[in-house]
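The values are calculated or read from the model by the stated rules, or taken from the named source; none is laboratory data. Just so you know, these numbers come straight off a predicted model, no measurement behind them. Cβ placement follows ideal geometry from the backbone for every residue including glycine, while neighbour counts extend to all protein chains displayed. The area values use the complete protein model at the heavy-atom level, side chains included, leaving out ligands, DNA and RNA. Shrake-Rupley method; radii C 1.70, N 1.55, O 1.52, S 1.80 Å.
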Amino acid sequence: TPLQIPSCPAFPQGELRDYPLVNVALYHNNQTVDFYSVIDSGADHCCFPSIYAHQVGLNIQSGKISTTFGATGSGETFYHNIHVGVTIQGKPYGFDCYAGFMDGLNAIGIGLLGRCGFFDLFEKVAFCTATKMAELTLKS
């Protein structure tokens, strides 16, 4: 899915990049929030913007804290067990996930589906640059 990257001194026109985005739903206390997340092979864990935790009534500060380090810096991340829904090849799929919530993702509003919590649900995760598609094969 193409995503517009804002302009900056290095790229004054901004950039349009393709990312493996999927629609994600978080479920907590009979509340749901929908947003996009990147299937991110560089992310160790699933991590979502803290604004979405608040929208489903989750008190993120009550979670277990860790400092998360990434390409753009570091920040406090609060981990919680939460139910996540995604649509894979047109079929809804739900799973329980120990995921982090952090303020640093609020600006872009996009979550990260990482190796622990998402990739480990699949037998195969592959990215095809020619078709700009992610191939996900569920474990039997």
* To do: Considering only segment 1-17, state which residues are open to solvent by 50 Å² or more (accessible area, probe 1.4 Å) and either part of a loop (DSSP other than H, G, I, E, B) or in contact with a Cys (Cβ under 7 Å, 6 or more places away or on another chain) (or both).
  => THR1, PRO6, SER7, CYS8, PRO9, ALA10, PHE11, PRO12, GLN13
* **Residues being in contact (Cβ under 8 Å) with a residue 24 or more places away in the chain, open to solvent by 60 Å² or more (accessible area, probe 1.4 Å) and at positive phi - total across segment 18-75** => 1
* To do: Go through segment 76-89 residue by residue and tally those that are at pLDDT 95 or above and surrounded by fewer than 12 Cβ atoms within 10 Å (Cβ to Cβ).
  => 1
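Hey, among the residues in segment 43-71 that are assigned to a strand (DSSP E or B) and β-branched (Val, Ile, Thr), which one's modelled with the highest pLDDT?
For segment 43-71, the residue satisfying everything is ILE65.
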* Give the residues of segment 108-140 that are without any contact (Cβ under 8 Å) to a residue 24 or more places away in the chain and open to solvent by 100 Å² or more (accessible area, probe 1.4 Å), sorted by residue number. => GLU123, THR129, LYS139, SER140
* **Those residues of segment 80-93 which are assigned to a strand (DSSP E or B), free of Cβ contacts under 8 Å to residues at least 24 places away in the same chain and not charged (D, E, K, R), in sequence order** => ASN81, PRO92
